1. If only one of B:Val107, B:Val98 is open to solvent by 60 Å² or more (accessible area, probe 1.4 Å), farther than 21 Å from C:Asn54 by Cα and in a helix (DSSP H, G or I), which one is it?
2. Please find, among A:Ile144, A:Ile163, A:Ile133, the residue that is at pLDDT 90 or above and either polar (S, T, N, Q) or under 21 Å from the mean Cα position of the chain (by Cα) (or both).
3. Restricting the range C:389-405 to residues that are within 10 Å of the chain's Cα centre (by Cα) and of a type in the set (S, T, N, Q), which is nearest to B:Gly82 (Cα to Cα)?
4. Report whether or not C:Leu371 is away from ligand 1 (no atom under 16 Å from the Cβ), without any contact (Cβ under 8 Å) to a residue 40 or more places away in the chain and of a type outside the set (Val, Ile, Thr).
5. Would you kindly identify the helices (runs of 4 or more DSSP H) lying entirely within the range C:223-338 that contain at least 2 residues that are modelled with pLDDT of 85 or more?
6. When you scan the range A:120-145, how many residues do you find that are assigned to a strand (DSSP E or B) and in contact (Cβ under 8 Å) with a residue 40 or more places away in the chain?
7. Before we move on, is C:Leu94 outside any helix (DSSP H, G or I) and either within 16 Å of ligand 2 (Cβ to nearest atom) or among the aliphatic types (A, V, I, L, M) (or both)?
8. Residue by residue through the range A:155-204, note down the ones that are in a loop (DSSP other than H, G, I, E, B) and in contact (Cβ under 8 Å) with a residue 60 or more places away in the chain.
Amino acid sequence: ETTWDLYAFTGVTHPITVRYQMFADEVAQATNGELKIIVRPAGELPFKATEVVKATSSGQVQLAAAYQGFISGAVPVASITSLPFLVQNADQLEQIAPKLIAAADAEFGKQGVRTLFWHTWPVQNIFGRGEPIRSLADFKGRKIRSTDGKQAEMLKQLGASSISLTTAEVPVAVERGVADGYITAAFNVVGAKWQEFTDWAWLCEVHIGGPSYLLMNIDAYNALPDDVRAKLDEVAKSFGPKFRALNLADEKTALESLEKEHGVTMVKPSDAEIAELIDRMTPYWETWATQNGDAAVKLLAEVRSELGK
Amino acid sequence: MTDDASEPGGPRGTGRLARAAAALSDVFGALAGVALAGIVVIVCTEIVLRLFRHSLLVTDEMGAYLNAAVVFLGLAYSLRHGAFIRMEFVYDRLSRPVRRLATWCFVLITTVFVAALVYVAWKHVQYAYVQDTRAISVLATPEWIPQSLMLLGLAALLVQLVAFIWERVRHVP
Amino acid sequence: MSLDLLVAVLIGGLAFLLLIGQWTAFALGTTGVVILYLSKGVIGLEALSSVVWNNTASYILVAVPLFLLMGDLILRSGVSGYFYRGVVVLLRWLPGGLLHANIMSCAIFSAVSGSSVATAATVGTVAIPEMTRRQYAPRMIFGSLAAGGTLGILIPPSIVMILYGALVEESIAQLFMAGLIPGLTLAGIFMAYIAVRIALNPALAPEGKAREDIGQEEAEEAGEEPGWRDALHVLPIFALLAVVLGSIYAGIATPTEAGGIGVAGALLLAAGYRGLNWEVLRGSLMSAVRTTCMVVFIIVGAQILATALTYSGASRAISEWVLALGLSKWMFFAMLVLLYVGLGFFVDGLSMIYMTLPVLLPLVRTFGFDLVWFGVVLTILIELGQITPPVGLNLFTIHGISGGSRFSEVVRGAAPYVALMLAMILLLVLFPGLALWLPATMMN
Ligand code: NA
Ligand code: NA
């Protein structure tokens, strides 16, 4: 009997945590309890979401949820999808996934970890308080919270100013006007009850919130008995798509609830506006790739040709 | 608390190592004070800039690093100046020889503990350097740079504890 | 590693280290390291550096040194002396006047600061020297400050509620509102307790002592008999609070950043009173550095221990054991309170949340407790843990700034407030509306 720890950065009742628990339960059932996976929600282990590659590689945990944006400082190539307006939605992500996962696993492999399966958080959009954004020009002078350099660059292109805040500070900051908006998925807005201070959404599909890799320590995997390993692979293979479908369904419900129950004004920018934003961001994509080496340049070229951007 | 053994935080010895350790902790302590002043400056600057719809964009990141600087660089200094809390109610009632033994005991344990921390901190910084891990921020700071503060501060603390032990060993007849 | 051995190491190891006079931060950390090593081997130790770094390089934590520095500046520049003379004029008609002033100042500072430690430290650095000089019983001073300071996490803003809200995904805004009335009620209970104590034993406050006992000459020299004009000196401090508070509510600063405004304001006040010089500045900075190091390293030590308990399986084993008892709703609640009071002796509040909630929270839901209400109760339990020995952050803070008083004196002073906090929890059980009425009203 083997016991594995699975690091999650979401809270104990968060749907994502619950889904990892479903996965753990399925594995336990499929292996007759031979492989027991303990899901460790936010706060239980001392690691930050940015440290998961190291924690999995060193065997502190055997499995870890690795959101692409959080590991951009550890394995930059794996976070190509957080380039604004490059991979904008779940369909585009499915389209490029084989190449992306292969490129990411090549990097992960250098540290003895690989992707067991992946899911995705929903599309990231811009939400805020006050007068809704109706056109690109409305961004001028708005203070939007950004969490990394890529978002800050996008906000610069939009004419907004970016402001850095820890997640815990967002509600008070937006309520009090320290910030006018923030970037996330509707799913998270509802989950964290941020709708209380949210008046508008600008559904420009900044980027898909994925992939979120489930990293696995390769040595631990190889140490499993053959039959257990086969069962684990089997469960993982079907669980990834199921996980993604559940998340995306949640997003649909969340968007509806925001619009109908909470009166959030939804504005969808025109195709021309999106095309213009893609144009404005293209040079930044290329700079990013150059800065992050040959693997990044190659992957960006593949992704762009696949998506025709 | 006049018994010299009961002032384990501050090696009052005259030996070269004790003086060097004391000087090191005071220099680091002063830098910790500067880091705290830095927090005030950066936080206030951010607030003022925000009034004009600007942002340093690095305030939370730099603020966190400066906070680490305050804590780690201030560590040896704080221990030396008796800022660390301990339960003295039993200790104070011990006879002098037992108290001496107790002091030896906890100073040695602390030294081993801090040595372990120095070792893991070294591994931590080394990993960040070798893997070139970056902060996920606008600056994309190489993480080994701020994390070195942890290594430096813990090392200064270790030096101070070792100096304390060395002073006592030297004076054992 | 068996659970029995683990519990033996935990209790035996901690007790041994604390009794021989080990620094508390290192006693917690060392015990944690031993448990980590016994349950996971060398790999377990590699987690240590993450614990140390992540609990130190934190922007939310900068509120601690900032509010400490603000308090130190007010104290060392002499501004606090003027403030207190003003408070004396305003409150001298009350028996134990300045003790009430402590609770009231703490409640006011709580509305500015998100942390108990910062609240206790800010009011404490101002109050302790003044009250000691006026010959209040040290226990009464320390108790009122240690307990009053805990209001910092109950009266919004609150770092604990932010972290709890993030963990259980409840609205932080609602949690904040839910904490306000219980916070004010608790402050009222504290003041009622002080009034009763002073009525029973007037010697605890200087008004109950003969004039000669205080030292007439010293009193005259210090201008002990202030006139009504001195009452005006409370205004600058209130102005400072108004600026700090106002900066949060006007959207100029986040609760963390408000500490920076507090420091800037304190510097201006100090300069205005002609009390600002290099010595004051340097002394305040270094004092804030020392207290910050002490507090943060206790958090680090407690987090090392919490990580060890998680890795060893002890936290889950203990929680699952509680689960297996098959209790009724309120029996379960009573057990929960007992568990948190017990843990609170040794573990700091945030560690306590992180150690237990992953297992207990689903159960709390199953029993049908409102998570906002539960957040308020949990916050009070954490406050309680902050004033129980051997590990009580507020006890440490007050002891640290008490100028060489004995730790046991601080502990004894704070002890009665533990009972008052339990009474507050009982009130919340009987009248859940105390917590839930305000958020419900403001939402509709
Ligand atoms: Na507060
Ligand atoms: Na306690």
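1. Values: B:Val107 fails: open to solvent by 60 Å² or more (accessible area, probe 1.4 Å).
After applying the criteria, what remains is B:Val98.
2. Details: A:Ile163 fails: at pLDDT 90 or above; A:Ile133 fails: either polar (S, T, N, Q) or under 21 Å from the mean Cα position of the chain (by Cα) (or both).
Of A:Ile144, A:Ile163, A:Ile133, the one residue that is at pLDDT 90 or above and either polar (S, T, N, Q) or under 21 Å from the mean Cα position of the chain (by Cα) (or both) is A:Ile144.
3. For the range C:389-405, the residue satisfying everything is C:Thr397.
4. Values: away from ligand 1 (no atom under 16 Å from the Cβ): yes; without any contact (Cβ under 8 Å) to a residue 40 or more places away in the chain: no; of a type outside the set (Val, Ile, Thr): yes.
No: the conditions fail for C:Leu371.
5. Values: elements: C:234-249, C:258-272, C:278-312, C:314-324.
Answer list for the range C:223-338: C:234-249, C:258-272, C:278-312.
6. First, the residues of the range A:120-145 that are assigned to a strand (DSSP E or B): A:120-128, A:143-145.
With the extra rule that they be in contact (Cβ under 8 Å) with a residue 40 or more places away in the chain, the set shrinks to A:120-128.
Selection size over the range A:120-145: 9.
7. On the way: outside any helix (DSSP H, G or I): yes; either within 16 Å of ligand 2 (Cβ to nearest atom) or among the aliphatic types (A, V, I, L, M) (or both): yes.
Judged against the criteria, C:Leu94 is a match.
8. Of the range A:155-204, the ones in a loop (DSSP other than H, G, I, E, B) are A:159-160, A:164-166, A:176-180, A:185, A:192-193, A:198-199.
Hits for the range A:155-204 are A:Ala185, A:Thr198, A:Asp199.
The values are calculated or read from the model by the stated rules, or taken from the named source; none is laboratory data. Fair warning: this is a prediction, and the values are worked out from it, not measured in the lab. Reconstructed Cβ throughout: ideal geometry from the backbone, glycine too, with neighbour counts over all protein chains shown. We work out accessible area using only protein heavy atoms, side chains counted, and drop any ligands, DNA or RNA first. Shrake-Rupley method; radii C 1.70, N 1.55, O 1.52, S 1.80 Å.
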